[in-house]
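Input: a single structure, listed below in structure tokens.
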Amino acid sequence: MPQTSLNAFKGNFDGGTRQNRFVVRGVIPFGNGQISSFHIRSTLIPTLQTSTISYDYLGRKSYFPGEKMYSTWSVAVLDDPTSDSFNLWRSFHRWQDRINNHLTNVPDPSLSGTTSPAYKANGWQVRHLDLNGNTLKTFILNGCWPRSINEINFNMGRPNVLNTFNVVFVFDTIQIFDRDTSITA
């Protein structure tokens with residue numbers, strides 16, 4: 001007979017994980033080259049989906065796994081212009097401008113001729129933390145670049161709300177590690 005008491009539940013439940021315990025770290029290309037922890041209000045781990053390939057065989061469908069497809073990665077960034085050299089909104093726009101300059105409609109000439117495009121960032125991390133700040137899972141995204149940098153809203157009717165803006169990234173691969181790892185990128 002299953003135990004249905006509250007004490008039995010508490011004894012079998014280790015506290016769960018929390019949505020608000022995470023840190024995002026990465027290097028913004030063309031910036032200072034330093035790994036930075038960002039003031040991110042929210043993010044999610046992108047969906048990983050395998051496409052399905054179907055074949056007709058003897059009057060029936062037979063299904064096989066196809067290519068892996070990643071959804072985009074979106075982060076809600078706190079607009080915190082702590083200094084001109086580390087203003088996230090400006091840094092993301094500079095990164096996007098190097099990919100395709102708004103005025104000239106061409107990428108930065110220094111980006112051409114490389115085997116691994118210089119505009120892509122590797123080693124961006126989302127670390128999921130426990131209640132004591134220890135890493136439960138680490139997600140590493142490689143080949144990241146900002147597809148869109150969304151608007152910053154201004155609203156006089158909301159005086160006690162911090163400004164945020166969303167950045168939507170495209171990326172090539174994601175690696176998932178359990179617990180803390182010795183990742184330095």
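The values are calculated or read from the model by the stated rules, or taken from the named source; none is laboratory data. Source: prediction; values computed, not measured. Note: ideal-geometry Cβ built from the backbone for every residue, glycine included; neighbour counts use all protein chains shown.
Points to keep in mind about this one:
Results for (1) more than 24 Å from residue 152 (Cα to Cα); (2) modelled with pLDDT of 75 or more, shown as yes or no for each residue.
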site: 33; (1), (2): yes, no
site: 40; (1), (2): no, yes
site: 64; (1), (2): yes, yes
site: 78; (1), (2): no, yes
site: 89; (1), (2): no, yes
site: 106; (1), (2): yes, no
site: 112; (1), (2): yes, no
site: 126; (1), (2): no, yes
site: 133; (1), (2): yes, yes
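- In segment 154-172, residue surrounded by the fewest Cβ atoms within 10 Å (Cβ to Cβ) [restricted to those that are assigned to a strand (DSSP E or B) and either at pLDDT 90 or above or of a type in the set (Lys, Arg) (or both)]: 168
- Looking across segment 146-161, the residues that are touching a strand residue (DSSP E or B) at 6+ places or on another chain (Cβ under 6 Å) and either in contact (Cβ under 8 Å) with a residue 40 or more places away in the chain or among the β-branched types (Val, Ile, Thr) (or both) come down to 146, 147, 149, 152.
- Candidate set: segment 135-150, residues that are among the hydroxyl-bearing types (Ser, Thr, Tyr) and crowded, with 18+ Cβ neighbours inside 10 Å; chosen: the one modelled with the highest pLDDT: 138
- Count - residues of segment 113-134 that are surrounded by fewer than 18 Cβ atoms within 10 Å (Cβ to Cβ) and either over 21 Å from residue 100 (Cα atoms) or under 14 Å from the mean Cα position of the chain (by Cα) (or both): 10
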